[in-house]
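To start, the structure itself, in structure tokens.
The values are calculated or read from the model by the stated rules, or taken from the named source; none is laboratory data. Model, not experiment: these values are computed from the prediction. Here the Cβ positions follow ideal geometry from the backbone for every residue, glycine too, while neighbour counts run over all protein chains shown. When the accessible area is computed, the model is the full protein with side chains, heavy atoms only, and any ligands, DNA or RNA have been set aside. Shrake-Rupley method; radii C 1.70, N 1.55, O 1.52, S 1.80 Å.
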Amino acid sequence: MSDSLERLYLAVIAAKDLDPAVSRTARLFQRGPAKMAKKLAEEAIEVVIDAVNGKPDAVIRESADLLYNLTVLWASCGVQPEDVWREMERREHMLGIAEKLPKSAVKMPRPPTPRVARRPIVALESRNLRKRH
Ligand SMILES: N=c1c2ncn([C@@H]3O[C@H](COP(=O)(O)OP(=O)(O)OP(=O)(O)O)[C@@H](O)[C@H]3O)c2ncn1[C@@H]1O[C@H](COP(=O)(O)O)[C@@H](O)[C@H]1O
């Protein structure tokens, strides 16, 4: 999967300076990051709608459009696919470490003890009390 995304990213980089009249990618670069972000968000919503409506074939097609628009946005903000893979590897490594830790080593923080407001202690001594007659 990462190979095909890298090829797509390179195709996007190669197309971004073409004539906007013939290249959708060049058109997106001409319109700028806000337009790219809008297209990405629209594709994400289409994926979500198709998934909720139980249309896996449409989810596949819209996911391919989503990934195309994601690579366009990466390219526009100077993010390379390797940067994303590196972050994914970092997370995988961190989770691997967490899985290997013995359960006893993982200390759960204690819930804070509720603080009860104390009333001042007043000594009641009967000899100081005046008797009512
Ligand atoms: N991989 C893709 C790719 N995936 C999806 N898309 C396009 O993105 C569209 C999704 O956006 P929309 O649903 O909004 O489509 P639309 O409504 O028909 O189009 P617009 O209103 O946005 O013009 C799809 O219909 C595809 O045409 C892609 N366009 C280009 N590429 C690749 O990008 C590279 C550069 O291509 P050009 O941009 O054509 O130079 C080439 O390698 C292409 O294969």
**Item:** For Ser2, solvent-accessible area (1.4 Å; no DNA, RNA or ligand), Å²
**Value:** 50
**Asked** In a shell of Cβ-Cβ distance under 13 Å around Lys55, excluding Lys55 itself, what net charge do Lys and Arg (+1) and Asp and Glu (-1) give?
**Response** -3
**Item:** aspartates and glutamates whose Cα lies under 19 Å from that of Lys100, excluding same-chain neighbours fewer than 8 positions away
**Value:** Glu89, Glu92
**Prompt:** With charges set only on the Cβ (+1 for Lys and Arg, -1 for Asp and Glu), what does the dipole of segment 2-105 come to about its Cα centre, in debye to the nearest 20?
**Reply:** 260
**Request:** Please label the shape of segment 2-105 as rounded, prolate or oblate, based on the square roots a ≥ b ≥ c of the eigenvalues of the alpha-carbon gyration tensor (a/c under 1.5 means rounded; beyond that, a/b larger than b/c means prolate, else oblate).
**Result:** oblate
**Request:** For segment 1-78, report the accessible area per residue in Å² (1.4 Å probe, heavy atoms, rounded to an integer).
**Result:** 62
**Complete:** Computed from the beta carbon distance with a Förster radius of 22 Å, FRET efficiency for Asp19 and Glu82 to the nearest 0.05 stands at 0.15
